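Let me begin by presenting the structure, written as structure tokens, before commenting on it.
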Amino acid sequence: MSSKSEEVVALLSQKYRHGFVTDIESDSLPPGLDEGVVTAISRKKNEPPFLLDWRLKAFRHWQTMREPTWAHVHYKPIDYQDISYYSAPRAPANAPKSLDEVDPKLLATYAKLGIPLHERARLAGVAVDAVFDSVSVATTFKEKLGKAGVIFCSFSDAVRDHPALIERYLGSVVPPGDNYFAALNSAVFSDGSFVYVPPGVRCPMELSTYFRINAAKTGQFERTLIIAAEGATVSYLEGCTAPMRDENQLHAAVVELVALDDARIKYSTVQNWYPGDENGLGGIYNFVTKRGECRGRNSKISWTQVETGSAITWKYPSCVLRGENSIGEFYSVAVANNYQQADTGTKMIHIGRNTKSTIVSKGISAGHAENTYRGLVKILPSAAGARNFTQCDSLLMGPLCAAHTFPYMEVKNPTATVEHEASTSKIGEDQLFYCLQRGISAEDAVNMIVSGFCKVVFKELPMEFAVEAQNLLSVSLEGAVG
Amino acid sequence: MLKITDLRARVAGRDILKGVNLEVNAGEVHAIMGPNGSGKSTLAQVLAGREDYEITGGSVTFEGRDLLALRAEERARAGLFLGFQYPVEIPGVNNVYLLKAALNAKRKAAGESEVDAYEFLALIKQKMKFMHMSESFLTRGVNEGFSGGEKKRNEVLQMLVLEPKLAILDETDSGLDIDALKVVSNGVNSLRDPQRAVVLVTHYQRLLDYIEPDRVHVLSGGRILKSGDKSLAKELERRGYDWVAGAEVA
């Protein structure tokens, strides 16, 4: 037994692979938050007056709110005055117009992350809108998308080039006062991504954004807005990484999706923000509001997430099923190792008739981690014939971790059908020994067993990212055998 | 090939093996018989390297190497195979994937290259046909939703693909109907070879009608009480295990 534990300790001490800092001069605001800071952010970005008003309203509302405490996570109070709310890589005069103009150091950073932009873009046919700290620095495949009429750009560009769309849809799914972190984001968001797919258009490629938090003590508050017009289809992937730092960093993003009649949006996330070290020091606080609205009939929104990072995750990608026959899906793998805490799940709000939702959540806990599934299925009186299926499975590795499940259901229409299945299992000694006896190493065996456990979720990821997700999972759990 | 000398093992504070001696040479098939709780499965698991058992004495060599010093996966790669009494289900992990990983682990340890995917598929299809297994096996999870008989066939299939030097089959015959028993026995017999050895752990003489052993041993109370040729199995069947256990008391 003892040789095994030593091995486990050695493997668990594996360092975070993406922990490096890119040395680029940042154009940052000093720490602190007041109306002046909100106004300064808006000015730096040359925003139209409606947006500044919107930010200020959000900020005033935020000041009246209190940080939520209901989640099953524990952390020291956040000092919101000790955070810098704006950090942009200083570009010579203008922003780069093509990849060639991008700071080579930045590109090297992406290469370290395993996403060489050029190659990735060319080989995989993926358009990458790379957000480095708060400003988008490179956008590829704009032209090809432009031909299809798809708008895919940084949020700032969208504010400048498509203000009418922004004014119409911004905050229409997640109102500025929705919750504490969404209000904060609405006041200080610096950049993010914007997608508009016009009626009847199937987006010709997977859209992908890599987010990365770089400057120390910078909260990242990005804002993503995706609109699929009537009959449009789009698949979007978001991947995240953050360098290693001892302080905790705050990340409070907002993602809004709007699907009109017969539209489909697939939103996939692979999140490996820095989780803190093996003693629980440092790591990202990830407080994110993600919500999609199936506004039109027969529309569909599907969330797939693989969450392996962050010290604290507070995240509930949700669907508001307003349109008749609309469909919401949530497929999730949440991994928590060492001292990570994850409180994640989804909300499915059924408003329209014959709306359907599916929730499949796979939680994996190792080390001292706490992993919580929190989900709400709400069926309003108007949602005749609504159906929900929920499946929550937890896998425990080792004796010190914990898994919790909090499923909430509110059913206000008697014709609705709601099903819930849940299971908790320990990674089986028998399964492990079976693999070892076949000559497979402990590490490979754990990967295999965990991947099998997560298979139904990985299946939902776009092909090229399913492989990446699987690799990420093995790095996160290496040696975490109890 | 395998030499067990005065092997003693305990689990949860209870002595199970109390000095087992056994020598198996290449080319031989040995049967270990004995009543429930005699330590048969413990012996199989200890040889395969399960960590729940504490070795309290004795030694085991496998082809001259100290077997007990090797980890379970190293023993497997060295050519020791255990056919499990209760093969475990691993949901979501494809049968073929596991088997390919196992074969590649073994080949890697032997300094060979990974098996070609097409060659492997051809190989496994051929072995499956031999084991009368349906093609659906290729797409299913490891033992997932298998019947007892299917699980046992799967064990033998894995054995045929991995071609171990020493196969220890722990009650591979239990829960099989007569047709399945024939298929499984054919599988084991096809592996008989002057370079290999097989140890059958079983309750019943029935299996030995199909796989003819060179030696038969009776394990009872954590010790081998009697050894003989295949006629010993027949005699056991007639006189029961009490005959052997009683002989010791007397």
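Couple of notes before you dig in:
- When A and B come together, around 2200 square angstrom of accessible surface is lost from both chains combined, probe 1.4 Å.
- 3J(HN,Hα) couplings calculated from phi for segment A:220-235 with the Karplus curve 6.51 cos²θ - 1.76 cosθ + 1.60 (θ = phi - 60°) are, in sequence order, 10, 10, 8, 9, 10, 9, 10, 10, 10, 6, 3, x, 8, 9, 8, 10 Hz; Gly and Pro show x.
- Set of lysines with alpha-carbon distance to B:K234 below 17 Å, sequence-local pairs under 8 removed: B:K226
- Extension gain, B:E114 to B:D6, is 35.0 nm, computed as 0.36 nm per intervening residue step minus the present C-alpha separation.
- Count of lysine pairs in segment B:62-201 with Cα separation under 19 Å (8 or more residues apart, or interchain): 21
- Mean accessible surface per residue for chain B, computed with a 1.4 Å probe while every protein chain stays in place, in Å²: 45 Å²
- Proximity of backbone amide H atoms, modeled 1.01 Å from N, is registered between B:R196 and B:G27 at under 5 Å, excluding neighbours fewer than 5 places apart on the same chain.
- Across peptide B:69-82, the mean count of Cβ atoms from other chains lying within 10 Å of each residue's own Cβ comes to 4.
- Accessible area of A:W70 (1.4 Å probe, protein heavy atoms only, ligands and nucleic acids ignored): about 130 Å².
- A:K147, B:K40, reordered so the largest accessible area comes first (probe 1.4 Å): A:K147, B:K40
- Assigned charges on the beta-carbon of Lys, Arg, Asp, Glu; chain B dipole about Cα centre (debye): 140 debye
- Three-way shape label, segment A:308-447, alpha-carbon gyration tensor, a/c 1.5: prolate
- Listed by chain and number, the lysines placed with their C-alpha closer than 18 angstrom to that of A:K412 are A:K347, A:K356, A:K378; residues fewer than eight positions away on the same chain are left out.
- Within the full protein context, the accessible area of A:M409 is estimated at about 90 Å² for a probe radius of 1.4 Å.
- Annotation: amide H of A:I284 within the under-5 Å range of A:Q249, A:Y274, A:G276, A:S310, A:A311, A:I312, sequence separation 5 or more or interchain, hydrogens built in the peptide plane.
- Each of B:N186 and B:Y97 was given a label point 7 Å from its Cα along the Cα-to-Cβ line. The distance between the two points is 3.1 nm.
- Antiparallel bridge percentage (DSSP; both residues within segment B:125-250; nearest 5): 50 percent
- Using θ = phi - 60° in the Karplus curve 6.51 cos²θ - 1.76 cosθ + 1.60, the 3J(HN,Hα) couplings for segment A:39-48 round to 5, 4, 4, 4, 5, 3, 9, 6, 7, x Hz; x is entered for Gly and Pro.
- Degrees, to the nearest 10: B:178-190 long Cα axis against longest axis of chain B: 80 degrees
- Most simply put, chain B has about 55% antiparallel DSSP beta bridges, counting only bridges with both residues inside it.
- Average Cα contact separation per residue, chain B, under 8 Å, 6 or more apart, as relative contact order %: 28 percent
- Gyration tensor verdict on segment B:102-178 (Cα atoms; rounded if a/c is under 1.5, prolate if a/b is larger than b/c, oblate otherwise): oblate
- Solvent-accessible area of A:E230 with every protein chain in place, 1.4 Å probe, in Å² to the nearest 10: 90 Å²
- Simple spin-label estimate for B:S134 and A:H404 in nanometres, 7 Å along Cα-Cβ: 4.5 nm
- For the set A:R66, B:R215, the ranking by accessible area, highest first and with no ligand, DNA or RNA atoms included, is A:R66, B:R215 under a 1.4 Å probe.
- Descending semi-axes in Å of chain B, equivalent ellipsoid built from Cα gyration tensor: 30, 21, 16
- Cα shape, segment B:154-224, gyration tensor, a/c 1.5 rule: oblate
- Inter-label distance, A:D34 to A:R66: 2.5 nm, where each label sits 7 Å from its Cα along the C-beta direction.
The values are calculated or read from the model by the stated rules, or taken from the named source; none is laboratory data. Being a predicted model, the structure only gives us computed values, none of them experimental. As a convention, Cβ positions derive from the backbone with ideal geometry for all residues, glycine included, and neighbour counts pool all protein chains shown. Keep in mind that these areas ignore ligands, DNA and RNA; they rest on the heavy atoms of the full protein, side chains included. Shrake-Rupley method; radii C 1.70, N 1.55, O 1.52, S 1.80 Å.
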